[in-house]
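Each remark here refers to the structure printed beneath this line.
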Amino acid sequence: MRIHYATISLLLLLLLACEHDSYDTGDGKYSHLQTDYVSVEVKDCYVQSITTDDDKPLSITAGMRIDVEPKDTVLRWLLYYNKVSDSNPIEIVGRSNMTLLKVRTTTDADAIKTDPVTLTSAWLSKNKRYLNLNIGLKMGSTTSNTQLHTVGMVCTGMDDDTAYYTFYHDQGNIPQYYTQDVLFTVECPDKKVIDLTINTYNGTWHKQLIIDN
């Protein structure tokens, strides 16, 4: 069985960088700066709603347009924004896209590539709807635009309570000169536990993440 996974290019979004004074009077541009992981509902390329991972809707300016394909979708962001009050629209300062991985199923161990990565963190969103990952991928200069990291999430089995997941990673012969952190996210299954395995440069990382007690 051949499995197709989400493929990401070497041009990855960097996290927001801000320059400001070492102190704040309380009235400056960043006085109300907040950071949240959010879900963004998009219809016909227009943002319909932005909701934080603890299910709090954010007030947004009407007519916010994003070039995205498909035009009707749900995006995941790490969002930086100013919020003065619940009734006033937020001011978006910046955002980092989270790559939404689709879960594929296979019991063929030979079909699962597990080239090592650097794992910074793995956690469930506050509303337990998403499994989030901060993964470091080794990067380097290459003369070929066909050399890409291939990443995904594989379900190797399920029982009554648990989904068994393995992080798929094919280095793609990319030189390993430096590490680039990338945010990934996966919708949680209708189970009580995710049993997650990730191959890292420090060995196999394994943990059970509790979705529902």
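The values are calculated or read from the model by the stated rules, or taken from the named source; none is laboratory data. Computed from a prediction, not measured in an experiment: that's the story for all the values here. All Cβ positions, even for glycine, are placed from backbone atoms using ideal geometry, and neighbour counts span all protein chains on display. When the accessible area is computed, the model is the full protein with side chains, heavy atoms only, and any ligands, DNA or RNA have been set aside. Shrake-Rupley method; radii C 1.70, N 1.55, O 1.52, S 1.80 Å.
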Self-check item: Count of the range 56-72 residues which are within 22 Å of Q34 (Cβ to Cβ) and surrounded by 10 or more Cβ atoms within 10 Å (Cβ to Cβ)
Solution: 8
Exercise. Using the structure shown, decide if M153 is over 17 Å from the mean Cα position of the chain (by Cα) and either of a type in the set (S, T, Y) or open to solvent by less than 30 Å² (accessible area, probe 1.4 Å) (or both).
Key: no
Quiz item: Of all residues in the range 166-188, which are part of a strand (DSSP E or B), over 23 Å from V40 (Cβ atoms) and open to solvent by less than 10 Å² (accessible area, probe 1.4 Å)?
Solution: F167, H169
Practice problem: Using the structure shown, decide if V103 is open to solvent by 40 Å² or more (accessible area, probe 1.4 Å), at pLDDT 95 or above and under 13 Å from L196 (Cβ atoms). | Solution: yes
Practice problem: Test V47 against the criterion of being touching a strand residue (DSSP E or B) at 6+ places or on another chain (Cβ under 8 Å) and outside any loop (DSSP other than H, G, I, E, B), and give yes or no. | Solution: yes
Practice problem: Return only the number of the condition from (1) touching a residue at least 24 places away in the same chain (Cβ under 8 Å); (2) closer than 28 Å to T166 by Cα that D72 does not satisfy. | Solution: (2)
Quiz item: Within the range 73-88, which residues are of a type in the set (S, T, N, Q) and closer than 16 Å to V38 by Cα?
Solution: T73, N82
